[in-house]
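The values are calculated or read from the model by the stated rules, or taken from the named source; none is laboratory data. Because the structure is a prediction, the values reported are computed rather than measured. Here the Cβ positions follow ideal geometry from the backbone for every residue, glycine too, while neighbour counts run over all protein chains shown.
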Amino acid sequence: MNFPKNLSAKLESRKQNNALRQLSLPSKIIDFASNDYLGFSINEDIFDEAHQLLLNKKIKINGATGSRLLSGNHKLYKETEDYIASFHQAETALIFNSGYGANVGFFGSVPQKGDLILYDELCHASIRDGIQLSNAKAYKFNHNDFEDLEKLILRNSNTIIYIVTESVFSMDGDCPNLEELVLVSTKHNCYLVVDEAHALGVFGIKGEGFVQMLDLQEHVFARIMTFGKGLGCHGAAVLGSNELREYLINFARSFIYTTALSPHSVATILVAYQYLEMDSASISKLRDNIIFFNQLKNLLSLKPLFVRSKSAIQSAIIPGNEKVKTIANQLQEKGFNVKAILSPTVPEGQERLRFCLHSYNSTEEISEVLRLLSNFVY
């Protein structure tokens, strides 16, 4: 069967721009690419304990056969959601199958016609996709620019406003001034929504996230916690009030019309959270690696390349798809899995090498990969 010509043209355009996305198998070289910040996805103890938990509770391992509103709900969901809510000092938690599903479900159902969504221009695609499904109007504000945000608020008074940001931005790795943002949100009676996908396991005494590290949880309408990064497993949760949870169960389409996670997946989430609460050593090692990386890039005169970040995501801006791919390939040939982020994933001219740091990276590995980067760039 012939493939539509207009779709072929779009693929050809990607190829011509050296920006064609392709699937590749996981690499066995040194990991500076995955979001598995604490190494939980490769922790066999977590997997085994999740399995044992199901045996102890006599829950069928592969019991999910439908939506949670039909046959997919099971008793471990409540235990896990209660644990998550307590851990994050939230009234309730509602588990979704992924961070993408949580964002699409939340933004596609909560803001209503006549409401307004004001979102940071660098918010993740999942937030943008959810906003597109909403009947509310939406405007972006300049990245981390709350003066720009406040101008938009003042132009749109007398309406329900949702302010949306991320606690760690996935491409730049930087953080907003959440304390200032809370002041703006409170001053204008707005509803603040924070995506904490890349903060879970990284910020806070027990890895609770950026909001709790600043003790701002009482001022945030909803937090989206994604488990596929710091927790190394499937799923996500929306944290908020009992009313918000009830509303999402009734109106979030990505929750209602999705087959529930298997009991083993839910058990893995619970065990991963328990490990997060106990495993202060991994969190401490990750933070030490972030500090070491930042200090060394300064010593090697690499600081001008990098976006300012105190998170596990460190991005070196190297404009041009061809140039950044070449340097990424050179690093990979030397045994370091560093990914090039190309346009149109990021704006043209903002192509970058994205370094993801982990608790299991050694200082020797960090030193060598930055030394090689310095050689290849300069």
So is Q112 among the polar types (S, T, N, Q), farther than 30 Å from L270 by Cα and at pLDDT 95 or above or not?
yes
Elements of type helices (runs of 4 or more DSSP H) in region 270-378, at least 3 residues being under 30 Å from A93 (Cβ atoms):
280-299
Note down all Cβ pairs under 8 Å where the first residue falls in region 1-15 and is surrounded by 10 or more Cβ atoms within 10 Å (Cβ to Cβ), the second is among the charged types (D, E, K, R), and they're at least six residues apart or on different chains.
R14/R21
Residue tally, condition surrounded by 10 or more Cβ atoms within 10 Å (Cβ to Cβ) and in contact with a strand residue (DSSP E or B) (Cβ under 9 Å, 6 or more places away or on another chain), over region 16-30:
3
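Here's the yes/no breakdown for (1) under 23 Å from G207 (Cα atoms); (2) charged (D, E, K, R):
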{"position": "K58", "(1), (2)": "no, yes"}
{"position": "T65", "(1), (2)": "no, no"}
{"position": "H88", "(1), (2)": "yes, no"}
{"position": "I95", "(1), (2)": "yes, no"}
Looking at region 25-39, can you tell me whether even one residue there is under 30 Å from H219 (Cα atoms), in contact with a helix residue (DSSP H, G or I) (Cβ under 8 Å, 6 or more places away or on another chain), of a type outside the set (D, E) and in a helix (DSSP H, G or I)?
no
Just a yes or no: is a residue in region 139-161 over 12 Å from the mean Cα position of the chain (by Cα) and under 30 Å from S41 (Cα atoms)?
no
Which of the residues that make up region 176-201 are buried (at least 22 other Cβ atoms within 10 Å of the Cβ), in contact with a strand residue (DSSP E or B) (Cβ under 9 Å, 6 or more places away or on another chain) and assigned to a loop (DSSP other than H, G, I, E, B)?
E196, A197, H198, A199, L200
So F107 passes all but one of these: (1) over 30 Å from R308 (Cβ atoms); (2) under 22 Å from the mean Cα position of the chain (by Cα). Which condition number does it fail?
(1)
Would it be correct to say that V271 is crowded, with 23+ Cβ neighbours inside 10 Å, of a type in the set (A, V, I, L, M), in contact with an Asp or Glu (Cβ under 6 Å, 6 or more places away or on another chain) and closer than 17 Å to S41 by Cα?
yes
Looking only at region 139-153, how many residues end up being more than 24 Å from H198 (Cα to Cα) and without any contact (Cβ under 8 Å) to a residue 24 or more places away in the chain?
3
